[in-house]
Amino acid sequence: MPVMIITGATSGLGEALARHAISRGYTVLLTGRRIERLQVLKEEFGDAARIGQLDVTEPEKAWSIIEQLIQEVGGVDVAVLNSGVSNFQGEFSPETEQWVIDVNVSGFMQTANRFFSYFEERGSGQLVGISSVAGMFGYRASTAYCASKAFVSNYLQGLRQRARWSKASITVTDIRPGFVESEMTEGKKGMFWLVPADYAAVRMLEAIEAKKTRAFVPRRWALIGLLITVTPNRLLDRL
Ligand SMILES: NC(=O)c1ccc[n+]([C@@H]2O[C@H](COP(=O)([O-])OP(=O)(O)OC[C@H]3O[C@@H](n4cnc5c(N)ncnc54)[C@H](OP(=O)(O)O)[C@@H]3O)[C@@H](O)[C@H]2O)c1
């Protein structure tokens, strides 16, 4: 049975992915800060799940909890680095921006780097990062968030290149969701093509199992991705 670890599995996309992965036969290791949510999920999933409370902004502590979980199940095949926060609602202060960077950039890098080394040592594995279509451009109402997701995508690209030069067989997958219903997007205005987290999770798992390099979720967001790529910066600057 394949083993998948998910960071940020206490709600939204992470929780939905866990549920779907279990239905496909995976054993899942669920992590996040909210222990009460993790306990509810453990009760629901039984032996198919193990839980570990961790905060990705405390990397050493977080990694020792992850190592403990890995030891318990004998190894991890897929690591989905999904933990993330946003200032989608337009909050703009050095403190809010720092918080987004701490979780989405530093927390992500610390976990991704350690998992990459783990897979190198193990000889194989799949590292999946959840970036966003929002990582393809800057946006005034979520300045740090967009910048943080650009970091995620570019860091993953660097890891993919490292994987090519490594003796290990490591797949690096960049998942770029559009708008998905979750705590993160609750109350946000101006969204379109919004999909339920369950629907997005099915598409995410398809992309993971197909060992895609990059995947827009749902796929129609690739059109927006293309549009962003061909739009001159002087127009994007006016958003
Ligand atoms: N919803 C969208 O439209 C959308 C679009 C594109 C990309 N994404 C990305 O998808 C991922 C999941 O987001 P979501 O929409 O499912 O939102 P969500 O329901 O708010 O989930 C965010 C998850 O991140 C975890 N998290 C936050 N801070 C953490 C920390 N310091 N340490 C460990 N875990 C932490 C949360 O768990 P705890 O609070 O329990 O720690 C939660 O499980 C994020 O990376 C997000 O940027 C979402």
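Miscellaneous remarks
- Filtered residues of the range 120-136 (kept if closer than 25 Å to L223 by Cα and out of contact with any Ser or Thr (no Cβ under 9 Å at 6 or more places or on another chain)): V133
- Any chance T57 is buried (at least 24 other Cβ atoms within 10 Å of the Cβ) and either within 9 Å of the ligand (Cβ to nearest atom) or at pLDDT below 95 (or both): no
- Options R162, R122, R140: the member that is modelled with pLDDT under 95, charged (D, E, K, R) and surrounded by fewer than 21 Cβ atoms within 10 Å (Cβ to Cβ): R140
- Qualifying position, being within 13 Å of the ligand (Cβ to nearest atom) and at negative phi, among I22, I5, I70: I5
- Residue pairs meeting the criteria (Cβ under 7 Å; at least 6 apart or on separate chains; first in contact (Cβ under 8 Å) with a residue 40 or more places away in the chain and under 18 Å from K149 (Cα atoms), in the range 211-233; second among the acidic types (D, E) and crowded, with 16+ Cβ neighbours inside 10 Å): T213/D174; R214/D174
- Scanning the range 157-210 for residues being under 20 Å from A112 (Cα atoms), assigned to a helix (DSSP H, G or I) and charged (D, E, K, R) gives a total of 4.
- Here the range 172-225 is the region considered, the condition is being among the polar types (S, T, N, Q) and within 15 Å of the chain's Cα centre (by Cα), and the residue that is farthest from the ligand (Cβ to nearest atom) is T213.
- Residue count for the range 109-147, restricted to those that are out of contact with any Asp or Glu (no Cβ under 6 Å at 6 or more places or on another chain) and near the ligand (Cβ under 8 Å from one of its atoms): 5
Yes/no matrix, rows are residues, columns are (1) acidic (D, E); (2) free of Cβ contacts under 8 Å to residues at least 60 places away in the same chain; (3) closer than 21 Å to W99 by Cα; (4) touching a strand residue (DSSP E or B) at 6+ places or on another chain (Cβ under 8 Å):
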site: G135; (1), (2), (3), (4): no, yes, yes, yes
site: Y139; (1), (2), (3), (4): no, no, yes, no
site: A147; (1), (2), (3), (4): no, yes, yes, no
site: F151; (1), (2), (3), (4): no, yes, yes, no
site: Q157; (1), (2), (3), (4): no, yes, no, yes
site: R164; (1), (2), (3), (4): no, yes, no, no
site: K167; (1), (2), (3), (4): no, yes, no, no
site: T171; (1), (2), (3), (4): no, yes, no, yes
site: S182; (1), (2), (3), (4): no, no, yes, no
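- Any pair with Cβ under 7 angstrom, 6 or more apart, that starts in the range 1-26 at a residue that is at pLDDT below 95 and ends at one that is within 13 Å of the ligand (Cβ to nearest atom): none
- Of the residues I65, I51, the single one that is more than 15 Å from the chain's Cα centre (by Cα), of a type in the set (A, V, I, L, M) and surrounded by fewer than 19 Cβ atoms within 10 Å (Cβ to Cβ) is I65.
The values are calculated or read from the model by the stated rules, or taken from the named source; none is laboratory data. What you see is a predicted model; the values in this text were computed from it and never measured. Heads up, the Cβs are rebuilt from the backbone with ideal geometry, glycines too, and the neighbour counts pull from every protein chain shown.
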